[in-house]
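Student: I'd like to ask some things about the structure below.
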Amino acid sequence: MTTATLPVYTKKDFQTDQEIRWCPGCGDYAILSAVQSVFPELGIPREKFVIISGIGCSSRFPYYMNTFGFHTIHGRAPAVATGLKVARPDLEVWVVTGDGDSLSIGGNHTIHMLRRNVGLKVMMFNNRIYGLTKGQYSPTSEIGKKTKSTPYGTADRPFNPISLAIGAEATFVARSVDVFQQHLKDTLRKAAAHKGSAYVEILQNCNIFNDHAWESLTEKDARSEHVLQLEDGKPMIFGKNHDKGIRLNGFELEVVQLGNGITEKDLLVHDERHPRPSYAFLLAHMEQRPGFPTPIGVLRAWEDVPRYEDVISEQIREVQENCGKGDLGKLLGAGDTWEVRA
Amino acid sequence: MSTILVGPPQRKRETLEQAVIRFCGDSGDGMQITGSQFTNTTALYGNDLATLPDFPAEIRAPAGTLPGVSGFQVQFSSSDVYTPGDTVDALIAMNPAALKMNLPDLKPNGILILNLDDFGETDLRKAQMTSNPLEDHSLDGYRLFPTELTKLTRAALKDLGLDNKSVDRCKNFFALGMCYWLYNRSLDTSMRWIEEKFRSKPALVMANRLAMQAGYSYCEATEAFQITYEIPPAKLSPGVYRNISGNSALAMGFVAASQKAGLPLFLGSYPITPASDILHELSGYKNFGVITFQAEDEIAAITSAIGAAYAGAIGLTTTSGPGMALKTEAMGLAVAVELPLVICDIQRGGPSTGLPTKTEQADLLQAMFGRNSEAPIPILAPATPGDCFWIALEATRIAIKYMVPVIVLSDGYLANGAEPWKIPDLSQLPEIPVKFEKNPENFRPYRRNPETLARPWAIPGTPGLEHRIGGLEKQDVTGNVNYEPLNHERMVRLRAEKVAGIVQDVPDVLPAGDSSGDLLIVAWGSTYGPVTAAVNAQREEGHRIGHVHLRHLNPLPKNLGQILGRYDRVLVPEMNMGQLLMILRAKYLVDAIGYNKIQGKPFKQSEIERKIEEMLE
């Protein structure tokens with residue numbers, strides 16, 4: 001179908017009649033709203049959208065989207081989506097998952113989907129807790145966290161999802177926040193535009209089991225001090241007064257105060273298309289250091305890698321061109337044969 | 001050739017109805033290739049045959065040791081062959097370890113060809129032999145042909161300028177050449193194969209061909225063998241034949257299914273013995289549009305196939321027992337979302353890693369019940385290597401017609417065993433009609449076809465059919481998430497009814513042999529060969545025996561219960577602890593008796609015969 005014949009969609013076209021069963025106040029509502037706003041803009045026929053999810057609160061997402069949707073089993077959404085996308089590269093396939101689904105039980109599928117660069121868009125809702133099972137710690141919970149399953153605090157070091165994705169050779173890695181609607185929509189648009197695997201971590205609040213998990217980033221007064229909004233081609237500046245920046249010093253990043261001879265020209269200019277993952281890796285790890293902000297936005301968008309499904313289709317096309325399309329009669333009668341006469 | 005001879009020695013040529021030959025040696029000795037070559041030549045000659053490759057799980061256990069022994073047995077005949085043979089007429093043993101492991105199966109006065117060059121003190125010690133069998137008279141009851149295989153091969157290849165290691169690796173072809181001479185077979189097929197196989201290495205083409213020719217000439221020139229044997233071609237039904245293994249037949253069957261359905265085939269698979277050959281073979285069929293996906297694990301293998309089935313392709317996954325265990329939850333998902341999917345389990349010895357390269361039939365109950373809750377899945381089982389082709393087509397047809405996952409239970413013996421296979425005419429292949437839902441008007445994802453209870457296959461990309469599916473319980477008809485008690489019971493019953501209703505496509509069983517009488521043998525899968533052979537033999541003894549071989553294990557054929565009642569006794573031989581037996585006893589309240597062998601090896605004809613005799617005493 002060409003865009004000329006494409007119906008003009010509105011947000012409503014992507015809503016279903018199903019009662020939404022997330023807790024009142026859950027961050028998932030904001031994400032659903034952002035997705036329902038962005039999908040109509042993408043110029044893709046609605047029937048081409050497929051949303052695949054695993055298990056967990058986030059994975060109920062497909063039921064609320066009026067597209068094709070498949071609520072699969074715990075952790076396996078990337079594998080189901082890979083089979084779907086390889087069989088049907090024409091479809092626009094989005095995966096919805098969470099920190100438990102994607103990084104614990106589905107960790108293996110997540111990293112293999114990313115290294116293959118299957119053309120899937122992944123929204124990973126990170127609320128640092130198991131919500132649907134009612135409050136156990138997740139692979140992104142901070143160390144020492146007291147939860148139902150860790151009354152004396154967790155002993156596990158948490159995953160940094162962005163760093164994990166970059167380590168798995170992801171070609172597109174981004175982070176946004178449920179309540180930063182404009183930023184979230186903008187990030188989703190960029191993910192949609194990326195050809196290969198796009199991994200978007202969405203910091204999401206679970207107001208029942210882990211309320212305030214991201215408060216230091218979302219609270220109005222604190223937000224500009226603690227969030228670094230990455231913009232391609234722009235120097236890395238943050239702070240309420242836009243007076244702090246990130247500077248590269250050897251192989252290290254440092255926070256500097258602008259003024260006293262330090263100007264914007266001294267700051268690191270974000271390059272999301274940087275060919276080397278080590279660059280995005282540096283950014284991914286800054287938040288773990290005292291005094292550093294948490295970067296949001298696109299950390300890496302590298303287009304120089306072919307999509308998995310395209311390589312597969314191309315291989316089939318090439319073989320068919322070189323050897324001709326398969327002939328079943330010839331296949332069955334191939335090799336050494338002999339005839340028994342009546 | 002030696003100039004001393006003035007003419008070929010006078011020898012007797014004896015015509016036999018059948019013969020069993022076994023090649024055995026170290027896993028590095030090329031015994032599987034040697035056996036396959038003998039098999040192909042024999043098949044092309046027109047004998048009926050059955051093979052039994054038997055190899056260790058280790059790639060290369062230490063050379064010359066007992067765990068490293070690899071063997072390949074073939075029975076070939078001028079009449080119908082059902083098994084690779086209980087005992088061996090001619091044994092070729094490349095070292096003492098192979099001799100020790102295989103001698104018990106050699107018939108009294110059988111032919112025994114040994115590599116004399118590998119019977120040194122070290123070789124005997126590696127085989128844990130305390131005395132040299134060539135000197136201690138333990139081989140007196142056999143027709144012994146100690147041959148300096150290594151030295152003779154080296155002599156034959158001395159002018160090629162190859163290193164000793166490469167030369168020594170040709171000695172299996174020397175032994176093969178000897179066997180060709182012994183059974184009056186032409187070298188042509190293997191000559192062609194060698195040329196093809198080593199095309200990029202002309203020196204090896206020359207070396208292997210020379211070695212094989214030298215083995216043949218050695219027998220002709222010496223007076224080692226007083227008798228040669230002739231096994232005339234079998235009277236197979238007219239047609240064009242090829243030799244086929246079970247795994248190869250499955251692979252081709254799924255390509256045929258894809259062509260008949262007009263849908264691309266998607267295989268999601270993770271390498272596992274003894275199923276990997278299906279992945280290997282299908283990955284070569286890109287000209288048929290086959291997509292093969294070597295997944296990161298068994299779970300991704302099946303879930304990617306579910307994704308492909310959702311997309312409108314034929315979803316297939318292939319594995320063995322441990323992989324089946326991992327796929328369990330995903331099979332339940334396929335049951336819940338009612339998508340067509342084929343799961344092939346090439347069974348091997350278990351539990352756990354078990355006996356990776358040995359055969360067993362112990363996954364039947366896992367296939368029947370191995371999922372949480374009520375999750376019925378139809379089960380098919382091929383009876384012979386060639387039958388694997390037809391089972392692949394039938395499994396795909398049922399999966400699509402009824403929108404269900406289907407399990408195919410093959411096993412290691414069928415997978416690697418080979419038999420002559422009559423190449424079907426394309427017009428003999430069943431139709432596999434496919435209908436994707438297109439009409440958005442009143443579309444309901446779980447509205448069922450009244451005859452098959454299948455739900456519509458509504459693939460993404462179809463305008464107006466946007467809908468959601470998933471593992472949560474569905475509301476009947478709408479497919480919406482629903483937790484109501486009565487709806488759940490209704491859906492459980494509908495899924496069960498749908499699978500049970502497949503019986504309308506299952507042909508009634510017609511027992512082979514006697515249609516009523518003293519004993520009915522009910523069996524399934526790869527026991528077909530030995531059971532058939534044993535029943536034929538025992539009926540000639542005057543017993544009235546019937547044989548039902550089940551290809552459909554779920555649902556079972558409609559008339560099976562009636563048939564069971566026509567015989568005084570029922571025997572169920574299985575390579576497990578009695579799994580089909582348990583199902584039959586539960587379903588039909590029949591006092592059937594099990595006969596169980598769990599040794600990683602197929603039944604011998606004689607074992608089944610003894611059991612029959614014991615029951616009819």
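Rule-based calculations on the coordinates, nothing more; no lab input. Bear in mind that the values here come from a model prediction, so they are computed numbers and not experimental data. Heads up, the Cβs are rebuilt from the backbone with ideal geometry, glycines too, and the neighbour counts pull from every protein chain shown.
Student: For segment B:244-281 and segment B:113-141, write down the distance between their C-alpha centroids in whole Å.
Tutor: Computed from Cα coordinates, the inter-centre distance equals 44 Å.
Student: Most exposed first by the Cβ proxy, i.e. fewest other Cβ within 10 Å, how do B:338, B:614 rank?
Tutor: Starting with the residue having the fewest Cβ neighbours, the order is B:614, B:338.
Student: Extending each Cα 7 Å along its Cβ direction at residue A:222 and residue B:198, get the distance between those two points in nm, one decimal.
Tutor: In this crude label model, residue A:222 to residue B:198 measures out at 7.5 nm.
Student: Continuing with this model, one more query. Return B:601, B:611 ranked ascending by Cβ neighbour count within 10 Å, so the fewest neighbours appear first.
Tutor: Lowest to highest Cβ neighbour count: B:601, B:611.
Student: Working from Cα positions, state the angle (0 to 90°, nearest 10) between the long axis of helix B:298-311 and the longest principal axis of chain B.
Tutor: On a 0 to 90 degree scale, this one is about 50.
Student: If we count other beta carbons within 10 Å of each Cβ, what is the order of B:488, A:109, fewest first?
Tutor: With the fewest neighbours first, B:488, A:109 line up as B:488, A:109.
Student: Moving to a separate point now. Give me the net charge for the shell around residue A:16: Cβ to Cβ below 13 angstrom, other residues only, Lys and Arg +1, Asp and Glu -1.
Tutor: That works out to +2.
Student: Something else about it: Starting at the first residue of segment B:430-447, write each ³J(HN,Hα) from the Karplus equation 6.51 cos²θ - 1.76 cosθ + 1.60 with θ = phi - 60°, in whole Hz, x for Gly and Pro.
Tutor: x, 6, 10, x, 10, 10, 7, 5, 10, 8, x, 5, 6, 5, 10, x, 10, 7
Student: Separate question: Under 17 Å Cα to Cα from residue B:438, which lysines show up? Leave out anything in the same chain fewer than 8 places away.
Tutor: Here the lysines satisfying the reach criterion relative to residue B:438 are A:48, B:401.
Student: Right, something else. Collect residues whose amide H, placed 1.01 Å from N in the peptide plane, falls under 5 Å from the amide H of residue B:481; neighbours closer than 5 in sequence don't count.
Tutor: Under 5 Å from the amide H of residue B:481 lie the amide H atoms of B:475, each far enough along the sequence or on another chain.
Student: Nearest 0.05, what FRET efficiency do residue A:41 and residue A:264 give at R0 = 30 Å with Cβ-Cβ as r?
Tutor: With R0 = 30 Å, the Cβ-Cβ based efficiency is 0.40.
Student: Report the gain in length on full extension from residue B:125 to residue B:17: 0.36 nm times residue separation, minus Cα-Cα distance, nm rounded to one decimal.
Tutor: My answer for the length gained is 34.9 nm.
Student: Hey, what angle do you get for helix B:171-182 against the long axis of chain B, alpha-carbon based, 0 to 90 degrees rounded to 10?
Tutor: Between helix and principal axis, roughly 80 degrees.
Student: So for each of A:126-134, A:206-214 I average, over its residues, the number of other beta carbons within 10 Å; can you give me the resulting order with the highest mean first?
Tutor: Result, highest mean Cβ count within 10 Å first: A:126-134, A:206-214.
Student: Largest first and to the nearest Å, give the Cα extent of the protein assembly as shown along each principal axis.
Tutor: Per principal axis, max minus min of the Cα coordinates gives 109, 69, 60 Å.
Student: What is the mean number of Cβ atoms from other protein chains located within 10 Å of the Cβ atom of each residue in peptide A:41-50, rounded to a whole number?
Tutor: Rounded to a whole number, the mean comes out at 3.
Student: Continuing with the same structure: Just how large is the dipole of segment B:512-616 about the Cα centre, in debye to the nearest 20, putting +1 at every Lys and Arg Cβ and -1 at every Asp and Glu Cβ?
Tutor: Taking the Cα centre of segment B:512-616 as origin, the dipole is about 400 debye.
Student: Can you give the angle from 0 to 90° between the axis of helix A:107-116 and the longest principal axis of chain A, with both taken from C-alpha atoms, to the nearest 10?
Tutor: Approximately 70 degrees, to the nearest 10.
Student: Over its Cα atoms, what ratio of radius of gyration to 2.2 N^0.38 Å does segment B:512-616 give?
Tutor: After normalising by residue count via 2.2 N^0.38 Å, the value is 0.97.
Student: Can I ask one more? Relative contact order for chain A: what percent, with Cα pairs under 8 Å and sequence separation of 6 or more?
Tutor: Worked out over chain A, it gives 14 percent.
Student: Ok, one more. Normalised by the residues of chain B, what does the relative contact order come to in percent, with Cα pairs under 8 Å and at least six apart?
Tutor: Averaging sequence separation for qualifying contacts and normalising by length gives 12 percent for chain B.
Student: Scaled to the compact-protein estimate 2.2 N^0.38 Å, what is the alpha-carbon radius of gyration of chain B, rounded to two decimal places?
Tutor: It is 1.06.
Student: Show me, for segment A:147-156, the HN-Hα J-couplings you get by feeding each phi into the Karplus relation (A = 6.51, B = -1.76, C = 1.60, θ = phi - 60°), rounded to Hz, glycine and proline as x.
Tutor: Along segment A:147-156, the couplings run 9, 4, 9, 9, x, 9, x, 6, 9, 7 Hz.
Student: Mind checking the mean number of beta-carbon atoms from other chains within 10 Å of the Cβ atoms in A:327-334?
Tutor: 6
Student: Rounding to the nearest 20 debye, state how big the charge dipole of the protein assembly as shown is about its Cα centre with +1 on each Lys and Arg Cβ and -1 on each Asp and Glu Cβ.
Tutor: 1340 debye
Student: Within 10 Å of each Cβ in peptide B:476-488, how many partner chain Cβ atoms are there on average? Round it to a whole number, please.
Tutor: Per residue, the average neighbour count from other chains is 1.
Student: Right, here's the next one. To the nearest 500 deg cm²/dmol, what mean residue ellipticity at 222 nm is calculated for the protein assembly as shown from DSSP H runs of n ≥ 4 alone, each contributing -39,500 (n - 2.57), summed and divided by the residues?
Tutor: Calculated from helices alone, the mean residue ellipticity at 222 nm is -9500 deg cm²/dmol.
Student: For residue B:571, list long-range residues whose amide hydrogen, built 1.01 Å from N in the peptide plane, is under 5 Å from its own amide hydrogen.
Tutor: Placed amide hydrogens put B:520, B:521, B:522, B:593 under 5 Å from residue B:571.
Student: Here is a follow-up. Provide the FRET efficiency to the nearest 0.05 for the residue A:314-residue A:271 pair, computing r from the beta carbons and using R0 = 35 Å.
Tutor: Once the sixth-power term is evaluated, E becomes 0.70.
Student: Tell me, what HN-Hα J-couplings in whole Hz come from the Karplus equation 6.51 cos²θ - 1.76 cosθ + 1.60 at θ = phi - 60° for each residue of segment B:121-131, using x for Gly and Pro?
Tutor: Computed from phi, the couplings for segment B:121-131 are 4, 5, 4, 5, 5, 4, 8, 6, 9, 8, 9 Hz.
Student: For residue A:134, give me every one of the aspartates and glutamates with a C-alpha distance below 15 angstrom, ignoring sequence neighbours fewer than eight places off in its own chain.
Tutor: A:99, A:101, A:211
Student: Right, here's the next one. Sort the following peptides by mean Cβ neighbour count (other Cβ atoms within 10 Å, averaged over residues), highest first: A:284-290, B:405-411, A:258-264.
Tutor: Descending mean neighbour count gives B:405-411, A:284-290, A:258-264.
Student: Which order do peptides B:518-526, A:42-50 fall in by mean Cβ count within 10 Å, highest first?
Tutor: B:518-526, A:42-50
Student: Any idea which of A:45, A:64, A:151 is furthest toward the positive side of the dipole for segment A:45-153, if Lys and Arg beta-carbons carry +1 and Asp and Glu beta-carbons -1?
Tutor: A:151
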